[in-house]
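Novice: This structure is in structure tokens; I'll ask about it shortly.
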Ligand code: NAD
């Protein structure tokens, strides 16, 4: 407890799944948290039972102005930023033969452009020795049918994180990525697939994972807490797979 006492953390995609579980854990550990989400109603619903020092900000991460406003509202409320957790993402399924420019733009705007613009806005206000975290995925390390654009977006984000790690080194800011395997979150219901297909896909994933199950949002939140805290003070530039071993077999 209190591993992040008085640290200011911004979390995108904070109204659901991994982002919400992380917001809860960060608050329990004494952080001041800015929960960013695309829709006000979802943010309101998600934060009803949250306790601690937090604000919510409505921001569509694919929009430049929303990223600017997210950081501005954070700084207005809490001053500087210690932890930037860029977690929002989408994973719509599309076979490669059906990929459209619209699909590509949507996925890259949210999964790549969003984190890049948010980082640019946040850096002038980040405290030295701060921590930037990206939610990546193991998908760009292994091939999963139907997720070509999603995989490409996460691969791009990984490449970006490498350059960022080097560019912020003089300030002692650590840049790390978490690469979850299959995690039980609402994202599977948003892939644009019928429920029975999602369930079949889920069973397939679970049998492939060496630990034989999906992970939980809380398991990713624990990883984010560790990487953001001083306990990980010499961990920098890594992409940490949290996938029950799936990427290693
Ligand atoms: P989720 O659907 O519960 O959460 C995704 C969040 O991103 C939601 O809060 C959603 O509102 C937000 N979001 C989407 N588009 C947005 C936009 N334009 N602007 C602002 N917010 C937006 O799913 P999750 O599994 O918690 O996903 C979080 C991250 O984890 C994503 O980056 C995803 O790619 C990654 N991930 C998830 C899994 C998994 O199996 N669940 C595996 C690997 C990586």
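Novice: Residue 162 is checked against (1) more than 11 Å from the ligand (Cβ to nearest atom); (2) under 16 Å from the mean Cα position of the chain (by Cα); (3) touching a residue at least 12 places away in the same chain (Cβ under 8 Å); (4) under 28 Å from residue 31 (Cα atoms) and fails just one. What number does that condition carry?
Specialist: (2)
Novice: So which residues in the stretch 23-42 are closer than 14 Å to residue 70 by Cα and in contact (Cβ under 8 Å) with a residue 24 or more places away in the chain, if there are any at all? Walk me through how you get there before you give the answer.
Specialist: First, pick out the residues of the stretch 23-42 that are closer than 14 Å to residue 70 by Cα: 33-40.
The answer is 33, 34, 35, 36, 37, 38, 39.
Novice: Sticking with this structure for a sec: For residue 7, are the conditions met, namely being within 15 Å of the ligand (Cβ to nearest atom) and within 20 Å of the chain's Cα centre (by Cα)?
Specialist: Answer is no for this residue.
Novice: Which residues, taken from the stretch 26-45, are touching a helix residue (DSSP H, G or I) at 6+ places or on another chain (Cβ under 7 Å) and near the ligand (Cβ under 8 Å from one of its atoms)?
Specialist: 36, 37
Novice: Among the numbered conditions (1) touching a helix residue (DSSP H, G or I) at 6+ places or on another chain (Cβ under 7 Å); (2) surrounded by fewer than 20 Cβ atoms within 10 Å (Cβ to Cβ); (3) outside any helix (DSSP H, G or I), tell me where residue 198 comes up short.
Specialist: All conditions pass for residue 198, except number (3).
Novice: Still on this structure, please answer the following. Scan the stretch 160-180 and give yes if some residue there is under 28 Å from residue 216 (Cα atoms), in contact with a helix residue (DSSP H, G or I) (Cβ under 8 Å, 6 or more places away or on another chain) and assigned to a helix (DSSP H, G or I), otherwise no.
Specialist: Yes, there is a match, as at least one residue in the stretch 160-180 is under 28 Å from residue 216 (Cα atoms), in contact with a helix residue (DSSP H, G or I) (Cβ under 8 Å, 6 or more places away or on another chain) and assigned to a helix (DSSP H, G or I).
Novice: Using beta carbons and a limit of 8 Å, which pairs, at least six apart or on different chains, have the first residue in the stretch 108-130 and on the phi > 0 side of the Ramachandran plot and the second one surrounded by fewer than 22 Cβ atoms within 10 Å (Cβ to Cβ) and assigned to a helix (DSSP H, G or I)?
Specialist: 129/171
Novice: Kindly state which helices (runs of 4 or more DSSP H) lie completely within the stretch 40-127 and contain at least 2 residues that are under 23 Å from residue 185 (Cα atoms). Steps first, please.
Specialist: Working: elements: 40-47, 64-78, 101-108, 114-122.
Qualifying helices (runs of 4 or more DSSP H): 40-47, 101-108, 114-122.
Novice: Moving to a separate point now. For the stretch 54-65, name all the residues that are crowded, with 21+ Cβ neighbours inside 10 Å and near the ligand (Cβ under 9 Å from one of its atoms).
Specialist: If the condition is that a residue be crowded, with 21+ Cβ neighbours inside 10 Å and near the ligand (Cβ under 9 Å from one of its atoms), then 59, 61, 62 are the ones that fit.
Novice: Still on this structure, please answer the following. Give the stretch 172-207 a look and list any residue that's more than 22 Å from residue 87 (Cβ to Cβ) and at pLDDT 95 or above, or say none.
Specialist: Within the stretch 172-207, just 172 meets the criteria.
Novice: Looking at 91, 23, which one is within 14 Å of the ligand (Cβ to nearest atom), crowded, with 18+ Cβ neighbours inside 10 Å and farther than 22 Å from residue 138 by Cα?
Specialist: 23
The values are calculated or read from the model by the stated rules, or taken from the named source; none is laboratory data. These figures come from a predicted structure and were not determined experimentally. Glycine gets a Cβ as well: all are built from the backbone with ideal geometry, and neighbour counts include every protein chain shown.
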